[in-house]
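This report concerns only the one structure given below.
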Amino acid sequence: MKAKFLLFLLLPMLLISELFAQQEIPSVRVVYLVSADRQERSDYKAAIKMAVLDIQKWYRKQMNGRTFRLNDPVVEVLQSNQPASWFTGTPIPGVGEGDWGFQHTLSEIRRLLPNEAIPGNYTWVMYSDGPGSSGRGGGQLCYLPEDDLLGLTGKHPTQPDILRWIAGLGHEIGHAFGLPHPADTKKYEDAIMWTGIYGKYPDQTYLTPDDKKLLLESPFFKTDEEIEAGKPVSQTTYSYHGGEFVRYKARDGSAYWIENASDGSTFRFEETKNDGTYYYAFGRSFITLKIPMKGGASYFSDTNGQYWNTNHYVTITVDQKLGDDLTGDIKVSNPVNKAKVMQDCQPVQKLGPTAPNEAVEITFVNHTSREVRLFWISHDQQPIQYHILRPDERFLQPTYTNHWWMAKSMSGECLGVFKSTDARPVVVDIEPKVATIRMYTADEAVIKKN
């Protein structure tokens, strides 16, 4: 039985472009909503992440290098206070039964993220473990219910093909980006915005010429070069009691701020100017920050700078450049098997294919003084970045057995690879190595003595 799809009323693409013209490159934000009577599942979270990264790569190939950007972390987990049955079993006056799951999921996410203007500057992918079989997409919103989670983990009772459910995500997120069903469904029968999601993904389904034309005008689709220009090259952390403001300066000279609060919430602000004494940054909740460049009392305004209120007293605790080379090596310690060791780097093509198997958790620990990039090797043997580990950071990564992971320096040098061989928890320690510097190219490994 095929899932039903509904195209919601969309904002005109030109209007969306105008809204975002003066802001950052818009990105996709992925939420996994857990019902009150269910537990967060690591296999669901890992499957969502792999599906989103896979469809991001598919769009890049279809669009000749243009694709959407993902938030960090790729998957955010939110805990609802409603049981699973509430999402599709509770009527909403004036709304058809098939849309209850979507509307309730959206209302819960808005309740749990009160400081976000949803959709705002994001396209939202909302996975819910509430029962349901009908995906929805449109107007920068994309909803996938429990059927999709079962499908992505190979546990759907009638459609266990994981690729079919990745393609379903590609269809619904297409609607969220403004793509309609094709006008000529006979000519474009196998398009991803029609029936191409059934057994055709990834190589036998496609975007139509009209789809590509719309996405070329979308503010969500950028080339790697355009995205690269906005990546940070320096980081300055202004700490306060109970949190921190972190200023990231990008290659193109722009800057943005991330506030990390003590309750675990994060807020992004776009820097608008500095007057030699203060930085000024504007947030999505229409709050403007004024932060002293050398530390001291900070201020906020909800009147666009007309009136200022005292905020936090901040102190500079980190001021560093990003993207430096890393001298290091990786070793693995297993709570059960201490003898297991990290394998040396080798070309990605020689690592072997991956396929979902048993769920497993790996904890990566960065003991160096530099940042480390963590990559998953996809089923078609492409390195896909998952996380950047800060110095002394511990990062828990859900994955599957028989999957490869690779650690690289910020300059791209491979530091080691690891394969999850069984379902026991594993800790991967990334530690400095003074005796040698291992430098790797795409085809060979060279050990250089100090």
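Looking at Leu216, Leu179, just one residue is surrounded by fewer than 19 Cβ atoms within 10 Å (Cβ to Cβ) and out of contact with any strand residue (DSSP E or B) (no Cβ under 7 Å at 6 or more places or on another chain), and that residue is Leu216.
The residue of segment 363-385 that is nearest to Ser420 (Cα to Cα), among those that are in contact with a Pro (Cβ under 9 Å, 6 or more places away or on another chain), surrounded by 20 or more Cβ atoms within 10 Å (Cβ to Cβ) and in contact (Cβ under 8 Å) with a residue 60 or more places away in the chain, is Trp376. Considering only segment 224-232, I want to know if a residue exists there that is part of a strand (DSSP E or B) and under 19 Å from the mean Cα position of the chain (by Cα). Yes; the residues of segment 224-232 include at least one that is part of a strand (DSSP E or B) and under 19 Å from the mean Cα position of the chain (by Cα).
Name the residues in segment 113-127 that are among the polar types (S, T, N, Q) and in a strand (DSSP E or B), would you? Break it down stepwise before answering.
Step one: list which residues in segment 113-127 are among the polar types (S, T, N, Q), which gives 115, 121, 123.
Listed by number, the list holds a single entry, Thr123.
When segment 112-157 is filtered for residues that are at pLDDT 95 or above, of a type in the set (A, V, I, L, M, F, W, C) and closer than 17 Å to His175 by Cβ, the ones remaining, listed by number, are Trp124, Val125, Met126, Leu141, Cys142, Leu144.
In this structure, is Tyr188 touching a helix residue (DSSP H, G or I) at 6+ places or on another chain (Cβ under 7 Å), crowded, with 16+ Cβ neighbours inside 10 Å and in a loop (DSSP other than H, G, I, E, B)? Criteria not met by Tyr188. With respect to Tyr238, is the statement that it is surrounded by 19 or more Cβ atoms within 10 Å (Cβ to Cβ), at negative phi and assigned by TED's automatic domain parsing to the domain that holds Val28 true? Judged against the criteria, Tyr238 is not a match.
Among Ser298, Ser239, Ser254, which is small (Gly, Ala, Ser), at pLDDT below 90 and in contact with a strand residue (DSSP E or B) (Cβ under 9 Å, 6 or more places away or on another chain)?
On the way: Ser298 fails: at pLDDT below 90; Ser239 fails: at pLDDT below 90.
Exactly one of Ser298, Ser239, Ser254 is small (Gly, Ala, Ser), at pLDDT below 90 and in contact with a strand residue (DSSP E or B) (Cβ under 9 Å, 6 or more places away or on another chain), namely Ser254.
When you go through Val233, Val246 one by one, which is the residue that is surrounded by 15 or more Cβ atoms within 10 Å (Cβ to Cβ) and either of a type outside the set (Gly, Ala, Ser) or over 30 Å from Lys294 (Cα atoms) (or both)? It would help to see each step written out before you state the result.
Details: Val233 fails: surrounded by 15 or more Cβ atoms within 10 Å (Cβ to Cβ).
Going through Val233, Val246 in turn, just one is surrounded by 15 or more Cβ atoms within 10 Å (Cβ to Cβ) and either of a type outside the set (Gly, Ala, Ser) or over 30 Å from Lys294 (Cα atoms) (or both): Val246.
Taken as a whole, the structure places Asp129 among residues that are touching a Lys or Arg at 6+ places or on another chain (Cβ under 6 Å) and charged (D, E, K, R).
The number of residues in segment 300-315 being closer than 17 Å to Gly242 by Cβ and within 31 Å of the chain's Cα centre (by Cα) comes to 5.
Does segment 138-158 contain at least one residue that is in a loop (DSSP other than H, G, I, E, B), over 26 Å from Asp37 (Cβ atoms) and either of a type in the set (Lys, Arg) or under 17 Å from the mean Cα position of the chain (by Cα) (or both)?
Applying the first criterion (in a loop (DSSP other than H, G, I, E, B)) to segment 138-158 yields 139-140, 145, 153-158.
Then drop every residue that is not over 26 Å from Asp37 (Cβ atoms), which leaves 139-140.
Keeping just the survivors that are either of a type in the set (Lys, Arg) or under 17 Å from the mean Cα position of the chain (by Cα) (or both) gives 140.
Within segment 138-158, one or more residues are in a loop (DSSP other than H, G, I, E, B), over 26 Å from Asp37 (Cβ atoms) and either of a type in the set (Lys, Arg) or under 17 Å from the mean Cα position of the chain (by Cα) (or both).
Counting only residues that are out of contact with any helix residue (DSSP H, G or I) (no Cβ under 6 Å at 6 or more places or on another chain) and in a loop (DSSP other than H, G, I, E, B), segment 354-386 holds 14 of them. Of the numbered criteria (1) part of a loop (DSSP other than H, G, I, E, B); (2) over 29 Å from Gly137 (Cβ atoms); (3) touching a Lys or Arg at 6+ places or on another chain (Cβ under 8 Å), the one Gly253 fails is (3). Could you list, in sequence order, the residues of segment 387-405 that are surrounded by 15 or more Cβ atoms within 10 Å (Cβ to Cβ) and assigned to a strand (DSSP E or B)? Within segment 387-405, His387, Ile388, Leu389, Phe395, Gln397, Pro398, Thr399, Tyr400, Trp404, Trp405 qualify.
Tell me which residues, restricted to segment 112-132, are in contact with a helix residue (DSSP H, G or I) (Cβ under 9 Å, 6 or more places away or on another chain) and over 22 Å from Pro180 (Cβ atoms). I'd like the intermediate steps shown before the answer.
Within segment 112-132, the first condition is being in contact with a helix residue (DSSP H, G or I) (Cβ under 9 Å, 6 or more places away or on another chain), and the residues that meet it are 116, 118-119, 121, 123-132.
Residues satisfying the conditions are Glu116, Ile118, Asn121, Tyr127, Ser128, Asp129, Gly130, Pro131, Gly132.
Listed by first and then second residue, the pairs with beta-carbon distance under 9 Å, at least 6 apart or on different chains, first residue in segment 286-313 and of a type in the set (Gly, Ala, Ser), second not in a strand (DSSP E or B), are Ser301/Ile287; Ser301/Tyr307; Ser301/Trp308.
The values are calculated or read from the model by the stated rules, or taken from the named source; none is laboratory data. Small disclaimer: the values here were computed from a predicted structure and weren't measured. All Cβ positions, even for glycine, are placed from backbone atoms using ideal geometry, and neighbour counts span all protein chains on display.
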